[in-house]
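As structure tokens, the structure follows; a few thoughts come after it.
The values are calculated or read from the model by the stated rules, or taken from the named source; none is laboratory data. Not measured: the values here are computed from a predicted model. Neighbour counts are summed over all protein chains in view; Cβ atoms, including those assigned to glycine, are modelled from backbone coordinates with ideal geometry.
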């Protein structure tokens, strides 16, 4: 599957799916507590009070089969996915929540804020993943560089 060639067709569907998912999580998620709010600020989030965290049994995958196939083909949203940030909504796979993972996802929130909209962020992010692969995507490299250590035993996100 040539994701780069299909991306112009897939992108509007991906953006629509992500915006709907983000809206649902915004309504159902929990705000961050003080320590996690501080961590979010430390990784560059300008409005961390808007973040909503939703711990889920499985990270959502697109219901559109072509979108799901494309996501799997680029190594995005697979069975090993631990977290997903969509705008101010963060999904974390149950049992995987850690300070390190949440700070990584919060860095994606900061990237979204910098882009100005979820649509613009996803356009840049997905185009780059299609071109370079997930691991080599500058957004992922940046998020990994901001991960905070799991050493603080008093840390509580929600």
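Here are the numbers for this structure:
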{"item": "Count of segment 45-61 residues which are part of a loop (DSSP other than H, G, I, E, B), closer than 18 Å to residue 143 by Cβ and under 15 Å from the mean Cα position of the chain (by Cα)", "result": "3"}
{"item": "Sole exception among (1) at pLDDT 95 or above; (2) surrounded by fewer than 17 Cβ atoms within 10 Å (Cβ to Cβ); (3) closer than 15 Å to residue 32 by Cβ for residue 158, by number", "result": "(1)"}
{"item": "Among the residues listed as 91, 139, 121, the single one being under 14 Å from the mean Cα position of the chain (by Cα), modelled with pLDDT of 95 or more and not in a helix (DSSP H, G or I)", "result": "91"}
{"item": "Within segment 145-158, tally of residues that are closer than 23 Å to residue 52 by Cβ and either free of Cβ contacts under 8 Å to residues at least 60 places away in the same chain or assigned to a helix (DSSP H, G or I) (or both)", "result": "2"}
{"item": "Failed item, numbered, when residue 45 is tested on (1) surrounded by fewer than 19 Cβ atoms within 10 Å (Cβ to Cβ); (2) in contact (Cβ under 8 Å) with a residue 12 or more places away in the chain", "result": "(1)"}
{"item": "Residue that is surrounded by the fewest Cβ atoms within 10 Å (Cβ to Cβ), among those in segment 48-61 that are touching a helix residue (DSSP H, G or I) at 6+ places or on another chain (Cβ under 8 Å) and more than 20 Å from residue 94 (Cβ to Cβ)", "result": "49"}
{"item": "Residues that are surrounded by 14 or more Cβ atoms within 10 Å (Cβ to Cβ) and not in a helix (DSSP H, G or I), drawn from segment 1-29", "result": "29"}
{"item": "Residue within segment 79-88 that is at pLDDT below 95 and within 13 Å of the chain's Cα centre (by Cα) present", "result": "yes"}
{"item": "Residues of segment 63-96 satisfying the condition of being closer than 19 Å to residue 144 by Cβ, surrounded by 17 or more Cβ atoms within 10 Å (Cβ to Cβ) and in contact (Cβ under 8 Å) with a residue 40 or more places away in the chain", "result": "74, 76, 86, 90, 91"}
{"item": "Some residue of segment 67-75 being touching a helix residue (DSSP H, G or I) at 6+ places or on another chain (Cβ under 9 Å), under 16 Å from residue 3 (Cβ atoms) and assigned to a loop (DSSP other than H, G, I, E, B)", "result": "yes"}
{"item": "Single condition residue 35 does not satisfy, out of (1) without any contact (Cβ under 8 Å) to a residue 60 or more places away in the chain; (2) surrounded by 14 or more Cβ atoms within 10 Å (Cβ to Cβ); (3) assigned to a helix (DSSP H, G or I)", "result": "(1)"}
